[in-house]
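The values are calculated or read from the model by the stated rules, or taken from the named source; none is laboratory data. This is a predicted model, so every value here is computed, not measured. Here Cβ is always computed from backbone atoms with ideal geometry, including for glycine, and neighbour counts include all displayed protein chains. Areas reflect the complete protein model, heavy atoms only, side chains present, ligands, DNA and RNA absent. Shrake-Rupley method; radii C 1.70, N 1.55, O 1.52, S 1.80 Å.
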Amino acid sequence: MREVHRAGGVEHQDEAQRDERVRGTQRQGVDEKLHRRHAAVIASTIIPSAPSTGSGEGSPAEDATARHSREILAALGMTGVPIPETRPYAGLTLPAALRTTRSMSVAFSTADRPPAAVTGRSDTRAIGRWLAVVAAMIFAMIVLGALTRLTESGLSMVEWKPVTGWLPPLGDAAWQAELAKYAQSPQGRLVNQGMTVAQFKEIFWLEYLHRLWGRLIGLAFALPMLWFLIRGRVPRWLKPRLVVLLLLGGLQGAVGWIMVASGLQDAPAVSHYRLALHLVLAISLYAYILWLAFGLLRPAAPSPLAGDRRVGRAAAAAVVFLFVVLTFGAFVAGLRAGQVHTTFPTMSGYWIPPGLLELEPAWLNFVATQTGTQFAHRWLAKILVVLCLALWVWARRVDATAPVRRATTMVALMALIQLGLGIGTILTGAELAIATVHQAGAVLLLSTLILTLRRAWPLQDALAGPARTG
Ligand code: HEM
């Protein structure tokens, strides 16, 4: 579909004016004249050469785009509808214009809106609630993972039995056998030699709970998914996304085992790269589910205005940057680098600590040494905090809508809290409680950014009409 091109220099001004017109139109309400407005907006948007009376049909100026739009209008039974003088959507492509008018109609119309049972919107909310519960379970899992790592419990189960392993050892003999297997592992031989069953149980339970909770998340995802699918309640656009999530969930379990396996060979510690992969994948899964859940729980939002769209782009960049910061955080955690240079703001009194660049090539230091990874994590984290504060200011500068502005306030506050938690973690040498809360804080900060993103870019797919159960 042809796009109406505009001169770049006046684009922002035009965008602002258009937003103002859209806001004005939204305020008026559209109930009884919904169909007429649909038609008029479509016409005013994509029939660039059409005169404002709506005539001109068949004229030489009318091109393929215009003919196509007239076909749409005819299909809607709206030939001869007057086209308004103002063109609030001028410059949008046809799909964008349709999305905009549709979402405005859903948001502001009551008279013409079909009942939820017909549109499937109650279904999207139910699915949204289910996905929010799964996201909360993954959040708990991430916290449990931090506890497991910080208590050095992660290597206590030396086998991977994804199907049968949900039962703990039952009875003394079974515990003795489990301990005997552990005693053969590097950690059992080199770190916890001569461990009693009682001591072994202490480190076993957290890893066991971690794995059990993972299985429960799998069930909490797969069973309702099957139920929604069988009852034909999943919109077509969502189906492939759910399948991707299911596969990623399975992959996450496998990556967890690949990580643990790296600590069962020679050294009694897991590879920090694999630990980072495990954490990043878990947080990606969480983020994607939360993104879908937020969208499904608030689907009836109008198309984003220019200010919101810009904040959305900035929030998306901040999300990418946050993933970089948390990857380095995982390197720090995996190398136990939180136990060196336990001072702030300097590192043991230095802005650039000695030995920072001891390895060749230089970049290797930032991914493979305690000093280098901590240095990178600290500085990237501080830049992230500045970016989050800038996002808060930016949302006000570009006149974003109130929900988006409120979401950026949450981002800014959470970024400051996370900075404080990071400082606390370093000053205590990664003490259990604060290091765990620091990990949870990273996920909460991400959640506020996803909320911002979603408010700035509301879900359009669920508005595209009745649930298409394909
Ligand atoms: C503000 C944004 C920050 C984010 C999003 C963030 C995120 C993270 C994440 C995800 C981890 C990995 C936790 C794990 O795998 O258990 C981590 C670890 C760590 N971070 Fe941060 N962090 C931030 C700021 C800071 C700051 C400012 C400092 C210190 C000056 C810091 C110090 C640490 C330390 C010492 C660890 C290792 C903790 C451990 O061994 O469990 N972080 N961070």
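The table below gives the values:
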read-out	value
Hey, G372 in contact (Cβ under 8 Å) with a residue 24 or more places away in the chain and either open to solvent by 60 Å² or more (accessible area, probe 1.4 Å) or within 19 Å of A430 (Cβ to Cβ) (or both) or not	no
Filter pass, L245 being at pLDDT 90 or above and over 30 Å from I434 (Cα atoms)	yes
Residue in the stretch 350-367 that is open to solvent by 40 Å² or more (accessible area, probe 1.4 Å), near the ligand (Cβ under 9 Å from one of its atoms) and assigned to a helix (DSSP H, G or I) present	no
Where a residue in the stretch 430-445 is under 17 Å from V325 (Cβ atoms) and its partner, wherever it lies, is within 6 Å of the ligand (Cβ to nearest atom) and polar (S, T, N, Q), with Cβ under 8 Å and at least six apart	A435/T425; H438/Q418; H438/T425; G441/Q418; A442/Q418; L444/Q418; L445/Q418
Pick from the stretch 442-470, criterion among the β-branched types (V, I, T) and modelled with pLDDT of 95 or more, ranking: farthest from the ligand (Cβ to nearest atom)	T452
Yes/no for A287 being within 15 Å of the ligand (Cβ to nearest atom) and either within 21 Å of W392 (Cβ to Cβ) or within 18 Å of the chain's Cα centre (by Cα) (or both)	yes
In the stretch 312-339, residue most open to solvent (accessible area, probe 1.4 Å) [restricted to those that are near the ligand (Cβ under 9 Å from one of its atoms) and over 16 Å from A381 (Cα atoms)]	Q339
Residues being open to solvent by 20 Å² or more (accessible area, probe 1.4 Å) and near the ligand (Cβ under 7 Å from one of its atoms) - total across the stretch 427-441	3
Residue in the stretch 214-233 that is farther than 30 Å from L297 by Cα and open to solvent by 40 Å² or more (accessible area, probe 1.4 Å) present	no
Scope the stretch 390-409; condition open to solvent by 80 Å² or more (accessible area, probe 1.4 Å) and either assigned to a helix (DSSP H, G or I) or within 16 Å of the ligand (Cβ to nearest atom) (or both); matching residues	W392, W394, R396, R397, R406
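Table: residues versus (1) surrounded by fewer than 16 Cβ atoms within 10 Å (Cβ to Cβ); (2) of a type outside the set (A, V, I, L, M, F, W, C); (3) part of a loop (DSSP other than H, G, I, E, B).
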| position | (1), (2), (3) |
| --- | --- |
| G128 | no, yes, no |
| V134 | no, no, no |
| R149 | no, yes, no |
| T164 | yes, yes, yes |
| P169 | no, yes, yes |
| A173 | yes, no, no |
